[in-house]
Amino acid sequence: MSAFPHVLPTYNRASLAFERGEGVWAITADGTRFLDLGAGIAVNALGHANPELVAALTAQAQRIWHVSNLYQIPEQEKLAALLVEHSFAETVFFTNSGTEAAELAIKMARKYHDSNGQPERVEIVTFEGAFHGRSTGAIAASGAEKMVKGFGPLMPGFRQVPFGDLDALREAVSDKSCAVMIEPIQGEGGIRPLSDETLREIRALCDQTGALLILDEVQCGMGRTGRLFAHEWAGIVPDIMMIAKGIGGGFPLGAVLATAKAAAGMVAGTHGSTYGGNPLACAVGARVVEIVADPEFLAEVGRKGALMRQKLEGLVASHPDIFEAVRGVGLMLGLKCRVAPADLVAVGYQEQILTVAAADNTLRLLPPLNISDDEIAEAVTRLDRVAAMLDGTADE
């Protein structure tokens, strides 16, 4: 019998398993409670086993689970209407993940130009350090060697420029470009925000050249920055946007939001999904939007983000050999490290705190958006103990 793992070993998993969760806490079978600052990589926007989401899921599960998109789905219509109400969008397509959303965004942008008599406009310009998913199209969009090595030939039609380099972007966008695709804040890339001015310049460049602006808000959207969507801080709107992660609050769900103009080419038969937008996912997603889009809730995210950042600045000052700086917006925060972030993650397990490593030597902190002030204080206390264990000050 083969000794090869039954689960394909594409992850370097920690030797931890969680039996249940309560809010910001993930709990093992023996009752050990871990303070979860990863939230399933920004997925559990309202924490583990949120009672309101459990109620929405349970109620829907007792009615109907799946019918496919051959039929009308009232729960899907409700969630689409909520997203249109609270965003720039005029239409929504539901997927199961951010990767699937990225694939549709790519197709939609190319189809837009083809439908407008410019089939040669297929190139999409992205920023280095981007992460748009793991499909063949999404890895071609990122262009990073660690993502693409061994998976060639890559899908053509993508061009990467240095992160935030407007001059390089202006040079790259041409009459062959169908879109610019960017994350307002790179997550996997190391919690690297684009400035509001840079986002406004990119929007203007797209307007001047006829390229569509695609925003990837899979990680930074759904209230994580203190606005429902991160691009709102810059006062711009995209043509196409993909979301996922937090929209389902832990239930697999993604979506592509678009203007009617950008989506006009996507007529019947041009795209589909068997599971996308099923009643279970949309019932949960609608409850998430109803909670997170509330202005008072978003204001609290902003306040808690400022509080957490202030405490993290003190942490950086106390451990200059471990940390370099804090960056990010709202409750999408990163600690730029002077040591390997993986070391902090590993030592964190000893202090029962969960964090997520990222590129650019950054430790990601992505707690549930409803984390309490006391839990923020406890999180920073535990991070302080982790840093002390690494810099040798633990016994001082």
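Computed from Cα positions, the angle between helix 74-85 and the longest principal axis of the chain comes to roughly 90 degrees.
Checking every one of the chymotrypsin sites (Phe, Trp or Tyr not before Pro) in region 210-303 against DSSP loop status and a limit of 10 other Cβ atoms within 10 Å picks out no site at all. For a test of the definition: using alpha carbon positions, the gyration tensor, and the 1.5 limit on a/c, classify region 146-189 as rounded, prolate or oblate. Verdict is oblate for region 146-189. Backbone phi angles across region 125-142, fed through the Karplus curve with coefficients 6.51, -1.76 and 1.60 (θ = phi - 60°), yield HN-Hα couplings of 9, 10, 9, 4, x, 6, 9, 10, x, 10, 6, 5, x, 5, 6, 5, 5, 6 Hz in residue order; Gly and Pro are listed as x. What the Cβ-Cβ distance of residue 378 and residue 115 gives, at R0 = 56 Å and to the nearest 0.05, is a FRET efficiency of 0.55.
If you work out Cα Rg over 2.2 N^0.38 Å from the coordinates, which of [x] 1.13; [y] 0.99; [z] 0.95 do you get? This structure yields the entry labelled [y].
Put simply, region 64-292 fits an ellipsoid with semi-axes of 27, 19, 17 Å; these come from the alpha carbon gyration tensor as the roots of five times its eigenvalues, largest first. The charge dipole of region 64-292, taken about its Cα centre with unit charges on the Cβ atoms of Lys, Arg (+1), Asp and Glu (-1) only, comes to about 440 debye. Which one of 383, 47, 253 has its Cα pushed farthest toward the positive end of the charge dipole of the chain, where Lys and Arg give +1 and Asp and Glu give -1 at the Cβ? So the residue we want is 253. Computed from Cα positions, the angle between helix 196-209 and the longest principal axis of the chain comes to roughly 20 degrees.
A simple packing score, the average count of other Cβ atoms within 10 Å per residue, orders the peptides 74-83, 311-320 as 74-83, 311-320, with the highest score first.
Counting only aspartates and glutamates at least 8 places from residue 311 when in the same chain, those with an alpha carbon closer than 14 Å to its own are 373, 374, 375, 378, 384.
Centroid-to-centroid, using Cα positions, region 216-252 and region 301-340 are 22 Å apart.
Does region 221-325 classify as rounded, prolate or oblate by the C-alpha gyration tensor (a ≥ b ≥ c root eigenvalues; a/c under 1.5 gives rounded; else a/b over b/c gives prolate, otherwise oblate)? It is prolate, given that a/c is not under 1.5 and a/b is the larger ratio. Beyond 20 Å in Cα-Cα separation lie the following of the pairs 146/176; 111/261; 107/261: 146/176. For the peptides 237-246, 374-383, 125-134, the ranking by packing is 237-246, 125-134, 374-383, with the highest mean count of neighbouring Cβ atoms within 10 Å listed first.
Cross-link partners of residue 78 among lysines, defined as those whose alpha carbon lies under 20 angstrom from its own and excluding same-chain residues fewer than eight positions apart: 245. Just want the answer: with Cβ charges of +1 for Lys and Arg and -1 for Asp and Glu, which residue in 268, 214, 130 is farthest toward the dipole's positive end in the chain? Selected residue: 268.
A short reminder: the numbers here are calculations on the coordinates, not readings from a lab. Predicted, not measured: the structure shown is a model, and the values here were computed from it. Cβ coordinates were reconstructed from backbone atoms using ideal geometry, including for glycine residues, and neighbour counts include every protein chain displayed.
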